[in-house]
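Enquirer: First, the structure itself, so that you have it in front of you.
The values are calculated or read from the model by the stated rules, or taken from the named source; none is laboratory data. Please read these numbers as outputs of a predicted model, since none were measured by experiment. Note: ideal-geometry Cβ built from the backbone for every residue, glycine included; neighbour counts use all protein chains shown.
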Amino acid sequence: MSALLPAAIQGVVIGLLGSLFVIITMRLLTGGINVHGVLRTKSPTGEDTISPARIQLLVFTLAAAGTYLGWALEARGTGRMPKVPESWVVTLGGSNLFYLGSKAFAFFRKGTNLSP
């Protein structure tokens, strides 16, 4: 009986994650989740332009997630999660820092005064 418990837990987790994937995919495809303009930003002149900071953040995040998923599938059955290299943490942190830095630069470039 105790050998069936890990298999049952694994089945439930895979079922929940699969269901979540299907629900989100369907909502994205039917327009239930609005992603219009998610990679765009307003320029100081009011124009709608593509944001390089958002694109690089998306690319780095998807690349890291895809690679880690591959490692996790390879490690399946070992009972261990794959280790994330420290360089990846630094790279993703730098990617997020670049994105947040571009947002801060745009915010303060407008001449916004934060003092009360």
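Enquirer: Return only the number of the condition from (1) farther than 30 Å from Pro6 by Cα; (2) surrounded by 12 or more Cβ atoms within 10 Å (Cβ to Cβ); (3) not assigned by TED's automatic domain parsing to the domain that holds Pro6 that Ala64 does not satisfy.
Expert: (1)
Enquirer: Quick one: is Ile23 at pLDDT 85 or above and in contact with a strand residue (DSSP E or B) (Cβ under 9 Å, 6 or more places away or on another chain)?
Expert: no
Enquirer: Name the one entry in Val84, Val38 that is part of a loop (DSSP other than H, G, I, E, B) and farther than 30 Å from Pro6 by Cα.
Expert: Testing whether each residue is part of a loop (DSSP other than H, G, I, E, B) and farther than 30 Å from Pro6 by Cα leaves just Val38.
Enquirer: Only one of Gly70, Gly46 is assigned to a loop (DSSP other than H, G, I, E, B), without any contact (Cβ under 8 Å) to a residue 40 or more places away in the chain and within 29 Å of Leu100 (Cβ to Cβ). Can you tell me which?
Expert: Checking each option against the conditions leaves just Gly46.
Enquirer: Out of curiosity, is Ala53 modelled with pLDDT of 90 or more and either touching a helix residue (DSSP H, G or I) at 6+ places or on another chain (Cβ under 7 Å) or not in a loop (DSSP other than H, G, I, E, B) (or both)?
Expert: In short, no.
Enquirer: What's the number of the only condition in (1) out of contact with any Ser or Thr (no Cβ under 6 Å at 6 or more places or on another chain); (2) at pLDDT 90 or above that Val38 fails to meet?
Expert: Unmet condition: (2).
Enquirer: Count, please, the residues in the range 41-86 that happen to be under 30 Å from Gln10 (Cα atoms) and either small (Gly, Ala, Ser) or out of contact with any Ser or Thr (no Cβ under 7 Å at 6 or more places or on another chain) (or both).
Expert: Taking the range 41-86 first, the residues under 30 Å from Gln10 (Cα atoms) are 58-86.
Filter once more, so that each one left must be either small (Gly, Ala, Ser) or out of contact with any Ser or Thr (no Cβ under 7 Å at 6 or more places or on another chain) (or both): 58-59, 61-86.
Matching residues across the range 41-86 total 28.
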